[in-house]
Amino acid sequence: MSHHLFTSPLIKVPTPNFEEFLKRTIERMSPSTLINSYGKGKGLDAHLLERTWQMVWYRTATTVAPKDTSVSPDVGATFSANGFLDFFVNSDYCWGIELTREGNRLKEHAERFVNGGKYDKIPMKNWAIIDFRCYQKEVKELKTNFWYVLYANDYKSVTIKRSGQQDEVLFLKGDKV
């Protein structure tokens with residue numbers, strides 16, 4: 001499967017553009033992996049867990065990261081930060097990515113990036129919080145640096161909502177490579 005992700009005709013060259021990188025990581029997710037995952041809550045919260053989204057996202061991120069970089073999970077101690085950022089793309093890029101789900105603890109996640117926040121010491125040029133949520137869960141207010149990714153029940157498509165941007169529909173192509 002990894003071979004196919006690297007040689008996918010979707011987009012052949014890794015991207016040095018932060019927003020394009022994030023779109024490609026989402027687009028390359030596998031609907032069948034998501035729908036068949038046992039990493040879900042139960043009862044009213046029977047959605048994929050944050051850790052499940054993290055693992056699937058990391059897998060695709062490594063296939064589209066810029067040349068001569070790495071995607072590192074749980075970054076913090078190296079920079080003497082007081083918390084652990086979900087993902088960091090190193091080299092000259094210094095991109096920080098935090099994932100959440102179903103709108104959980106959005107304010108808490110955002111506060112980690114401000115001056116004096118848990119990630120204050122991590123040298124980031126760009127950062128984003130990606131909130132994966134069921135398409136039925138309304139986004140009340142679009143905030144800067146947030147990517148609200150509303151997924152269909154079958155995980156075959158998502159709608160990305162961002163502050164100051166047009167909504168964008170992506171079809172997940174991870175099963176087609």
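Restricting attention to region 160-177, which residues are over 15 Å from residue 130 (Cβ atoms), outside any strand (DSSP E or B) and aliphatic (A, V, I, L, M)?
177
Condition first: closer than 16 Å to residue 131 by Cα and not polar (S, T, N, Q). Now tell me which residues in region 47-60 satisfy that.
47, 48, 49, 50, 51, 53, 55, 56, 57, 58
Can residue 130 be described as part of a strand (DSSP E or B), under 17 Å from the mean Cα position of the chain (by Cα), within 18 Å of residue 89 (Cβ to Cβ) and aliphatic (A, V, I, L, M)?
yes
Kindly indicate the residue of region 118-171 that is without any contact (Cβ under 8 Å) to a residue 12 or more places away in the chain and acidic (Asp, Glu) and also nearest to residue 71 (Cα to Cα) among those meeting that condition.
The extreme case among them is 167.
One residue is enough: does region 15-33 have a residue meeting the conditions surrounded by fewer than 15 Cβ atoms within 10 Å (Cβ to Cβ), within 24 Å of residue 140 (Cβ to Cβ) and at pLDDT 95 or above?
yes
Considering region 66-80 alone, what residues qualify as being in contact (Cβ under 8 Å) with a residue 24 or more places away in the chain, surrounded by 11 or more Cβ atoms within 10 Å (Cβ to Cβ), within 17 Å of residue 92 (Cβ to Cβ) and within 20 Å of the chain's Cα centre (by Cα)?
66, 69, 75
Take the residues in region 36-88 that are assigned to a strand (DSSP E or B) and over 27 Å from residue 125 (Cβ atoms); name whichever of them is modelled with the highest pLDDT.
Here the residue is 48.
Out of region 107-127, which residues are in a loop (DSSP other than H, G, I, E, B) and surrounded by fewer than 15 Cβ atoms within 10 Å (Cβ to Cβ)?
The answer is 114, 115, 116, 121, 123, 125.
Looking only at region 20-46, count how many residues are in contact with a Lys or Arg (Cβ under 7 Å, 6 or more places away or on another chain) and more than 17 Å from residue 128 (Cα to Cα).
4
Would you check which residues across region 158-177 are under 16 Å from the mean Cα position of the chain (by Cα) and farther than 18 Å from residue 54 by Cα and list them?
159, 161, 162, 168, 169, 170, 171
The values are calculated or read from the model by the stated rules, or taken from the named source; none is laboratory data. Keep in mind that what you see is a predicted model, and the values were worked out from it rather than measured. Heads up, the Cβs are rebuilt from the backbone with ideal geometry, glycines too, and the neighbour counts pull from every protein chain shown.
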